[in-house]
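A.B. asks: Questions regarding the structure given below will be posed in turn.
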Amino acid sequence: MYFKEFIQRWQKSYPPLKRYLHDRYRFYFTFFKYEREIRGMIYTTNWIERLNRDYKRVINMRGAMPNPQAVILLMGTVAQNA
């Protein structure tokens, strides 16, 4: 694996790299096996941030909600339309 070779080569100059040789870190870089377009969908949280922003915007526009169920229904509607 190229990543392990890279770490072994540079760990003398950059000792913190040594921790990435541990087996649990191999899963952090598995998304590099996918195409560039797919990688963007795997590691980004933009869609989550957008959904949260839409929730806040809709709730702030409505002001007072009649009950908590109305908020849940409204949030579900926003999620379906996002």
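A.B. asks: Answer yes or no as to whether residue 20 is aromatic (Phe, Trp, Tyr) and under 20 Å from residue 80 (Cα atoms).
C.D. replies: no
A.B. asks: Report yes if some residue within the stretch 54-72 is surrounded by 11 or more Cβ atoms within 10 Å (Cβ to Cβ), at pLDDT 75 or above, of a type outside the set (A, V, I, L, M, F, W, C) and under 16 Å from the mean Cα position of the chain (by Cα); otherwise report no.
C.D. replies: So far as the stretch 54-72 goes, no, none of its residues is surrounded by 11 or more Cβ atoms within 10 Å (Cβ to Cβ), at pLDDT 75 or above, of a type outside the set (A, V, I, L, M, F, W, C) and under 16 Å from the mean Cα position of the chain (by Cα).
This table checks each residue for (1) closer than 30 Å to residue 79 by Cβ; (2) in the same structural domain as residue 73 (by TED's automatic domain parsing).
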position: 7; (1), (2): no, no
position: 11; (1), (2): no, no
position: 17; (1), (2): no, no
position: 24; (1), (2): no, no
position: 31; (1), (2): yes, no
position: 34; (1), (2): yes, no
position: 39; (1), (2): yes, no
position: 55; (1), (2): yes, yes
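A.B. asks: Next question, about the same structure. With respect to residue 26, is the statement that it is among the charged types (D, E, K, R) and modelled with pLDDT under 75 true?
C.D. replies: When the stated conditions are applied, residue 26 passes them.
A.B. asks: A further question follows. Does residue 7 count as hydrophobic (A, V, I, L, M, F, W, C) and either surrounded by 12 or more Cβ atoms within 10 Å (Cβ to Cβ) or modelled with pLDDT of 80 or more (or both)?
C.D. replies: yes
The values are calculated or read from the model by the stated rules, or taken from the named source; none is laboratory data. What you are looking at is a predicted structure, and each value in this text was computed from that prediction instead of being measured. Every residue, glycine as well, gets a Cβ built from its backbone with ideal geometry; the counts of neighbours run over all protein chains shown.
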